[in-house]
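This report refers to the structure that appears directly beneath it.
The values are calculated or read from the model by the stated rules, or taken from the named source; none is laboratory data. Note that this is a predicted model, so its numbers are computed, not measured. Cβ placement follows ideal geometry from the backbone for every residue including glycine, while neighbour counts extend to all protein chains displayed.
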Amino acid sequence: MPQTEYLAPTTADQAIAALAAAGAAARVLSGGTDLLVQLRAGRLAPGLIIDLKRIPEAIGVRREGGGFVIGASTPGVMLGEHLALREAWPGVVEAAQLIGSTQVQGRASLAGNLCNASPAADSVPALVAADAVCVIVGPNGRREVPALAIAIGPGKTSLAPGEFVLEIRLPAVGARSADAYLRSIPRTEMDIAVVGVGVSLILDGGGSIARARIALGAVGPTVVLSEDAAAAILGSVLDEAALERLDSAARGACRPISDKRGTAEFRTRIAGVLARRAAKIAYERALLRA
Amino acid sequence: MTKRTHVSAVVNGDAVDFLTDPGVTLLDALRDELGLTGSKEGCGSGDCGACSVIVDGRLVCSCLMLAAEAEGRRIETIEGMAEGGVLHPLQSKFLEHAALQCGFCTPGILVAAKALLAVNPDPTESETRYWLAGNLCRCTGYDKVIRAVMDAAAEMRQAKVTA
């Protein structure tokens with residue numbers, strides 16, 4: 001690969017300056033599980049690769065104000081190793097750890113999953129359901145946006161030139177609250193989601209659902225946060241009637257394509273089923289935290 | 001002419017220094033700069049696991065990592081597995097169970113299995129199969145591989161007890 005330079009800045013400001021100076025010729029690198037494949041295929045020939053992993057804020061998991069700050073370039077394996085994060089946000093960690101093989105987990109990051117902007121990205125529905133906020137830095141300073149706002153279409157993000165995701169912030173988890181993520185793939189491992197569903201619930205003292213966030217992946221050009229699906233179970237104890245309403249609302253939120261991994265009809269049907277199952281898991285987990 | 005990047009790392013316990021072009025993968029640097037040709041390139045896209053190495057204790061595909069990223073890192077490859085000519089228990093068990101035919105995927109599987117047993121000395125068969133799902137084999141199939149890993153794990157646990 002000719003005329004590529006490599007830089008590993010140790011502060012976000014250095015990375016921002018390098019990115020601004022290089023312009024469109026530069027690419028940021030976290031885990032590289034997408035970038036290096038694109039380099040090899042000749043789809044990209046950046047003049048400069050800026051490795052973000054030596055920036056302290058971009059790596060590791062930290063507690064902050066009851067919630068968590070995840071360095072955006074942190075590999076999946078490190079999320080799994082963080083017991084407190086796993087305990088607080090099991091759905092987010094499970095979703096992140098469904099990405100690729102053990103080897104890929106050694107590298108693949110949440111920022112990469114978000115910014116590669118695949119409609120089928122496993123971690124994104126879980127992050128959206130969890131109310132995750134992305135800290136974006138760039139030449140115009142720092143801004144925070146919901147995880148839902150990163151991808152705007154397949155392979156396209158809302159990031160301006162020179163910007164990158166530095167951190168992903170998850171809120172504190174209160175009592176009677178929990179999340180879950182489920183996906184469907186044709187194999188048992190190492191495949192791309194045909195449907196993914198992230199659910200995050202808060203229950204009231206009587207076990208009724210006081211707040212719900214339900215995010216659907218791989219059933220549209222970007223992840224769908226379905227208010228109808230949330231409304232379908234609000235105030236319920238997730239009885240069969242509520243699950244039936246959820247199933248129907250989740251199906252109604254789907255705008256999938258048909259491809260080799262599944263037809264639009266199949267994806268829509270499975271979205272309803274997975275919404276039910278993920279909601280049940282989140283509900284059971286929330287009850288255990290009463 | 002591209003500026004070459006100087007990299008200092010520890011490979012199989014030895015300090016190494018080498019020069020690399022910035023776009024070169026760790027796999028290519030291991031093979032072409034350091035002469036460690038045990039790590040193989042199957043797919044070059046992180047799907048097959050033949051290039052598996054351990055970096056700072058974590059399993060990665062060396063084809064998905066730039067050599068320049070290895071600065072200051074501790075890297076373990078298949079060449080560091082046997083100690084002074086004595087095979088690692090996993091290597092012995094692969095021979096005993098005939099868990100290879102052409103052998104192209106074997107270095108990657110051995111390194112991946114070693115990483116598994118480092119974090120989980122007593123894995124279930126199911127855990128072992130999931131852990132090794134990123135290592136593809138086109139000839140032996142997986143059953144003998146799994147049996148060899150389970151047997152090696154048992155032997156290593158026993159060795160620890162009697163040590």
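Data table
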| read-out | value |
| --- | --- |
| Tally of residues being in contact (Cβ under 8 Å) with a residue 40 or more places away in the chain and of a type in the set (A, V, I, L, M) across the range A:253-272 | 2 |
| Given (1) surrounded by 17 or more Cβ atoms within 10 Å (Cβ to Cβ); (2) touching a residue at least 40 places away in the same chain (Cβ under 8 Å); (3) within 9 Å of chain B (Cβ to nearest Cβ), index of the condition A:Q3 fails | (1) |
| Wholly within the range B:67-163, helices (runs of 4 or more DSSP H) carrying at least 2 residues that are of a type outside the set (V, I, T) and touching a Gly at 6+ places or on another chain (Cβ under 6 Å) | B:106-119 |
| Among (1) under 26 Å from B:R31 (Cβ atoms); (2) modelled with pLDDT of 95 or more - the single one B:M150 does not satisfy | (1) |
| Residue within the range A:48-63 that is buried (at least 19 other Cβ atoms within 10 Å of the Cβ), within 26 Å of A:L7 (Cβ to Cβ), of a type in the set (D, E) and in contact with a helix residue (DSSP H, G or I) (Cβ under 8 Å, 6 or more places away or on another chain) present | yes |
| Qualifying positions in the range A:26-58 - free of Cβ contacts under 8 Å to residues at least 60 places away in the same chain, of a type in the set (A, V, I, L, M) and more than 13 Å from chain B (Cβ to nearest Cβ) | none |
| Test: residue in the range B:122-132 that is touching a residue at least 24 places away in the same chain (Cβ under 8 Å), touching a Ser or Thr at 6+ places or on another chain (Cβ under 6 Å) and away from chain A (no Cβ under 14 Å) | no |
| Selection status of B:R58, out of contact with any Leu (no Cβ under 8 Å at 6 or more places or on another chain), touching a residue at least 60 places away in the same chain (Cβ under 8 Å) and charged (D, E, K, R) | no |
| Selection count, the range B:17-38, where residues are away from chain A (no Cβ under 12 Å), within 13 Å of the chain's Cα centre (by Cα) and touching a residue at least 12 places away in the same chain (Cβ under 8 Å) | 3 |
| Failed item, numbered, when B:V145 is tested on (1) within 14 Å of chain A (Cβ to nearest Cβ); (2) crowded, with 22+ Cβ neighbours inside 10 Å | (1) |
| Exclusive hit being among the β-branched types (V, I, T) and more than 14 Å from chain B (Cβ to nearest Cβ), set A:V77, A:V61 | A:V61 |
| Members of the range A:149-185 that are outside any strand (DSSP E or B), closer than 13 Å to A:V124 by Cβ and either touching a residue at least 60 places away in the same chain (Cβ under 8 Å) or touching a Gly at 6+ places or on another chain (Cβ under 8 Å) (or both) | A:P154 |
| Residues within the range A:192-229 that are under 24 Å from A:S118 (Cβ atoms), of a type in the set (A, V, I, L, M, F, W, C) and part of a strand (DSSP E or B), tallied | 8 |
| Boolean, A:S118 is more than 14 Å from chain B (Cβ to nearest Cβ), surrounded by fewer than 24 Cβ atoms within 10 Å (Cβ to Cβ) and within 26 Å of B:L136 (Cβ to Cβ) | yes |
| Residue, farthest from B:Y130 (Cα to Cα), within the range B:40-50, restricted to residues that are more than 7 Å from chain A (Cβ to nearest Cβ) and surrounded by 24 or more Cβ atoms within 10 Å (Cβ to Cβ) | B:A50 |
| Which listed residue, of B:V10, B:V53, B:V60, is within 19 Å of B:A118 (Cβ to Cβ), outside any loop (DSSP other than H, G, I, E, B) and at the interface with chain A (Cβ under 7 Å from one of its Cβ atoms) | B:V60 |
| Condition check for A:G91: farther than 22 Å from A:V137 by Cβ, within 14 Å of chain B (Cβ to nearest Cβ) and surrounded by 23 or more Cβ atoms within 10 Å (Cβ to Cβ) | no |
| Restricting the range A:126-148 to residues that are assigned to a strand (DSSP E or B) and not aliphatic (A, V, I, L, M), the residue that is surrounded by the most Cβ atoms within 10 Å (Cβ to Cβ) | A:C134 |
| Criterion (out of contact with any strand residue (DSSP E or B) (no Cβ under 9 Å at 6 or more places or on another chain) and surrounded by fewer than 23 Cβ atoms within 10 Å (Cβ to Cβ)) met by exactly one of A:T188, A:T157 | A:T188 |
